[in-house]
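Report on the following structure.
The values are calculated or read from the model by the stated rules, or taken from the named source; none is laboratory data. No experiment lies behind these values; they were computed from the predicted model shown. For neighbour counting, all protein chains shown are included, and Cβ atoms are generated from backbone atoms with ideal geometry for every residue, glycine included.
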Amino acid sequence: MHRWTKIQILGVLGCLASLSWGSLQASGQEGPPRLVLNPQGPLGIVNGMAFAPGSNRLYEGGDDKAVREWSVRDQDGRLSLAMQRTYRWGIARGQRGVVHTLAISGNGRYLAFSGLSAMSSNGDIALYDLRTGEYMRALRGHRQPLEDLSFSPDSKQLVSSSIDGELRVWQLSDFTDVVLREKSNQTLYHSPALFLSNDLVAAVCWDSPQQISIFDTSRPKARPYTLPHRHAGAVQVLARDVSGHWASADSKAEVYVWNGWKQSRVRAQERPALSLAFSPGGVLFMTTESGPQSKFSVMEMWDWRSGKLLDDRTISHDLHSAACAASTTGDYAAAYGSDQSEILLFRLRDAKGNRINKPLSSMAPTRRTGGGNKIWKVAFSTDRDYQLGIGVKYNAATPQFNRYGEITQYFDFKRQQMNAARRDQKWLDPETSRDGWKLSVDRTRLVLTLSQDGVTRGTIQMRPDAAQQGFIESYAWVNDAAGRTFALAVGTPEPNSGIYVYSLPTPRQPAKVLRYFRDHTDRVTSLSVSPDGKYLASGSTDQMIKLWSLEGLAPGHNAAGLSPTLGVRFALDNGKATVVAISKAGIAYARGLREGDTIESFRFLENGKVTTATKADDILAALQRRADIYWEDMVLVYRSKGQRDLKQLLLKPAWEPILNLFADRRGEWACWTPQGYYYQASVSGDELFGWQFNESGDQGPRFFQAAQFRKQLEQPQLIQRLLAAGNVIDALANSGVADPGKAAEYVLSLSTEAPQVTLVSPRPNTKFGRSEEILIEAEVKVIDPRDADRFVAACRINGAPLGAPAVARRGVTSIYQWKAVASSSLNRIRVSVEERGLHTSGFFQDVDVFVQAEPIPVQPKLHIVTLAANDYPGKLALTYPLADAAAVVKALALEGGELYQPGEVMALVNDEITPDSVTDLISELQNNLKNVAAEDVLVVFIAGHGVSDTDDYFFIPPFSTGEDLGSIRLQEKGISWQLLRKIMSIRCRKLFLLDTCFSGNIIRNERDPAYQWKAAVRPLRRDEAVVITATSPGQFSYEPSPAKADEMGIHNGLFTHSIVMGLAGHADGESSNREGRNDRIEVDELVHFVRKETNRLSPLQQPTSTPVDDLGFVPLTEFQRRPGE
């Protein structure tokens, strides 16, 4: 769907929000913390994209409700994108907070973005200072969502255009504004606006959308001049070149470039342009659609002076792409590709600065995504263990409606594990009804025909108007625990992205909506009902999986007589309209209503007018009349039981999910409850999401990773019991966890208790000369002066740790300073502040800044330590560990020779391995590397048997025949992880590869697994170490028999085989963010490949890793690709 038609539909929401309860809606936006994903890349459609003038910094934002800043890394001929910062604004449920447009000022100081605001009104604009990265203020004036923003060339003014045609110009000196054009009484299909000069603004003519009007900002009351030229279609895109030329594109595929008021046609083809971007040298880039029925987008490169097409490339096969950008330096172009929700980066000049011929089609772009996957299929297992199959690969070759993907993995909600799907598993078919129901879909007329045993029983007319349902994307028959079909669930696309549960038609009663679910932000691609009929699972291209309650919908399961849409039963009690029964899983309960509350007034929309009922009988009658109206907001003024104060509640009868699940490409996952802020996650899963605190006034929102509150809010027992309980409240009671209302207050208190960390210097994107000293200064502010010693700070550049800082104290503020020299063209400086004794508390805060510097040519050293044992007694003897160690050393030395100088190489095998010998080895290593360079890399490889007890993980050296793994005295003979951790004191980058059983237990403590499992990761990150283990906690590592190994064509253990294959080149392009091949294997690529390949070879074995962070870009090997590869 095109961006502008989506906004048009969203205008319905905006009109509703501007009614008399709009102030209530706005005032509620500060509210409780909101849980949001933190995927380090785009999650959904990107609607706006721009390079900062004269720089390599790219900004993009869209449906995931934030704007991200990227820096182009262009080093040694290798192109990559590094995410620098996320810019946030107020958000709410559904589409509120979606970014439609962004703009960068010509002086590079300001970032402005807007869309469907969730702040004071639908049309607020967020303004940031890019010099500091700080939120400046909200620009308030528009009442409807914005479609376009543009800065004046002198960066002193900003023009904004909303979907009702209103134009405003803002003075950035004092943030005052003036209306250039009043709003219209209708929603415009397109409303682009553009500063042409410091005084003149071009905008589509609202009463003649094929023409362009020119406004003079110095005379805001003057009548605009309408250019006589009439486009073939409605003008939908405007863009300006730094030279003063500007361009316009219309819905009939015409594109014009203007010099003043004189236009020349560049193209008139069949594909309308959705976005435009000028590049130096007379080049104009655009992304296009192919036609109204097709869903693929092309990026085109034109010489606008001659009207010649220079190059093109198909960039999306899934949806149209409405965002592209080109750097003003002429070095790069970028576009959004919807297939994988990715940024595509194209190089335009070669190493000598010459323009590349056909840069779009002659070479593969650099690709950068968020960590997640679009969800194309979900299906419950046929058993009753709540195992949900997941498909993340789109059937592009043979796409079928309602069958967009195949199951490749599954999540076990009881065991809380993500696993590779097995061939013997069976999944429920959403289109199967034991009672013979069938559905036929007319997607043109939006009509669903329901038949049973070949006989038509009724139809459903989907409503694209007031109900905002749109098309049907997916469906599933809803069966009860006995397998009887009693309803139909239908999933829809954006902008509604809703799910509707319909009753089955009868001769006396047509099908009607029983329940409306809303929380997705993109297409709902798949639905599945659990075998017990309690839950509906949904998957979406927003990369989320959600579980919804079907409580009370099955025949005979609504004894309380609750309204299916609200989950409430109201009745007259002591002369008051009273809540006499309420579902704890329902939306009314989630919004604060409780049994015994009385409704004092009810405000709603009826026949286009706002109506208020204040008498009890009138309130009950109105609630009854509106029982089936699920798409409109209502306002309840109520009094809580036993309370005197009145409360107001803005309520849309759209139920929330009871559980959310997100999994990234590495296999990390997190699931959480919308009510209560409680969650469970994999090792690094709680870094995938966090809480945003919407602030009132002109304060920007604050964001905290879930990992920062792990100790308090990670509740695996609650998540485990949730599906059995049916709702969060009962699951809390069964788990002994605090009430979610109290949890919201607790999260707020935790956020204020966390230290405020400000990186004073250097400023973002500062440029330094070669070997120029950088002063790094951070301020850490606490609430209580007694907490000044509670926190400690550390600093790293590109993953290399710096020494101890100079510290000064000023009341509640501590100032930390470091001095360093940057060695790369783009350098990430990270200051980490955490509590002393982090393993018992949990607070930490990281602050990053990127700076540029003239590179210092250095060749670091590669150091290798191996411990390998295979000479165990009897059946415990292993075949491969010694060969595994030799293979890893050979792969690193052979392929990494050009990247590194040879460093220390130490090895212990079999009987040489004892606690004393390992202690001596570590001491010798520490002494030899006393003056190690921070850029050096130390690889530690361990292979053999491993076990764990309640306190630690142990690598087991060979032992005597009379002993076994169960009787060996671990503390006396085992090599503990605590001993191995002493290697962490060496101040360089470190990579541990552990190929033993139970190696995943290095990050788990059996006495407190819910917390210690992940808490141990933090010290590893602080010590600049990445650990890849052959197993997840509690798993065995498998070694194939020689016969099986020959059959598989491998000569090592499965985990080591994956490592060696990855280092040899197979991991190239396998990074979690899909940046493409570059003939180097970097840490992130190796981690991603090893986890995937080992699990492919052995589905019962799931390698895991600690987060790669800055070490993800560290290269390990470099190889020459053979022709044809």
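Which residues, counting only those in segment 218-229, are surrounded by 13 or more Cβ atoms within 10 Å (Cβ to Cβ) and out of contact with any Ser or Thr (no Cβ under 8 Å at 6 or more places or on another chain)?
Pro220, His229, listed by residue number.
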Query raised in the report: Taking segment 564-604, which residues are within 35 Å of the chain's Cα centre (by Cα) and part of a loop (DSSP other than H, G, I, E, B)?
Result: Pro564, Thr565, Leu566, Gly567, Ser583, Lys584, Ala585, Gly586, Arg591, Gly592, Leu593, Arg594
Query raised in the report: Can you find even one residue in segment 442-463 that is under 19 Å from Gly94 (Cβ atoms) and in a strand (DSSP E or B)?
Result: no
**Report entry** Scope segment 30-66; condition closer than 24 Å to Glu166 by Cα and either surrounded by fewer than 23 Cβ atoms within 10 Å (Cβ to Cβ) or modelled with pLDDT under 50 (or both); matching residues
**Finding:** none
Report task. Considering each residue of segment 660-686, count those that are outside any loop (DSSP other than H, G, I, E, B), over 12 Å from Phe413 (Cα atoms) and small (Gly, Ala, Ser), and give that number. Result -> 2
Query raised in the report: Does segment 636-658 include one or more residues that are of a type outside the set (Gly, Ala, Ser), over 29 Å from Arg594 (Cα atoms), outside the structural domain of Glu1093 (by TED's automatic domain parsing) and under 25 Å from the mean Cα position of the chain (by Cα)?
Result: no
Report summary line: Only unsatisfied item for Glu745, checking (1) more than 26 Å from the chain's Cα centre (by Cα); (2) in the same structural domain as Glu687 (by TED's automatic domain parsing); (3) not small (Gly, Ala, Ser), is (1)
Report task. Could you look through segment 319-370, keep only residues that are hydrophobic (A, V, I, L, M, F, W, C), more than 16 Å from Asp74 (Cα to Cα) and not in a strand (DSSP E or B), and pick out the one that is farthest from the chain's Cα centre (by Cα)? Result -> Leu360
Query raised in the report: Can you tell me which residue in segment 972-986 is surrounded by the most Cβ atoms within 10 Å (Cβ to Cβ), limited to those that are of a type outside the set (A, V, I, L, M) and part of a helix (DSSP H, G or I)?
Result: Trp977
**Report entry** Which listed residue is surrounded by fewer than 15 Cβ atoms within 10 Å (Cβ to Cβ), at pLDDT 90 or above and not assigned by TED's automatic domain parsing to the domain that holds Pro1103, from Thr444, Thr398, Thr432, Thr492
**Finding:** Thr432
Query raised in the report: Can you tell me which residues in segment 374-390 are among the acidic types (Asp, Glu) and either more than 18 Å from Gln417 (Cβ to Cβ) or touching a helix residue (DSSP H, G or I) at 6+ places or on another chain (Cβ under 6 Å) (or both)?
Result: none
Query raised in the report: Say we look at segment 505-533 and pick out the residues that are in contact with a Ser or Thr (Cβ under 7 Å, 6 or more places away or on another chain) and outside any strand (DSSP E or B); which of these is surrounded by the most Cβ atoms within 10 Å (Cβ to Cβ)?
Result: His520
Query raised in the report: For segment 139-151, does any single residue satisfy the condition of being in contact with a Ser or Thr (Cβ under 7 Å, 6 or more places away or on another chain), under 19 Å from Gly54 (Cβ atoms) and in contact (Cβ under 8 Å) with a residue 40 or more places away in the chain?
Result: yes
Query - helices (runs of 4 or more DSSP H) fully within segment 1026-1125 counting 2 or more residues that are modelled with pLDDT under 85 and farther than 22 Å from Leu345 by Cβ - result: 1042-1048, 1083-1097
Query raised in the report: Hey, among the residues in segment 645-665 that are surrounded by fewer than 17 Cβ atoms within 10 Å (Cβ to Cβ) and of a type in the set (D, E, K, R), which one's farthest from Ile390 (Cα to Cα)?
Result: Asp645
**Report entry** Selection status of Asp250, within 21 Å of Arg305 (Cα to Cα) and surrounded by 14 or more Cβ atoms within 10 Å (Cβ to Cβ)
**Finding:** yes
Report summary line: With criteria (1) assigned to a strand (DSSP E or B); (2) on the phi > 0 side of the Ramachandran plot, Gly244 comes up short on (1)
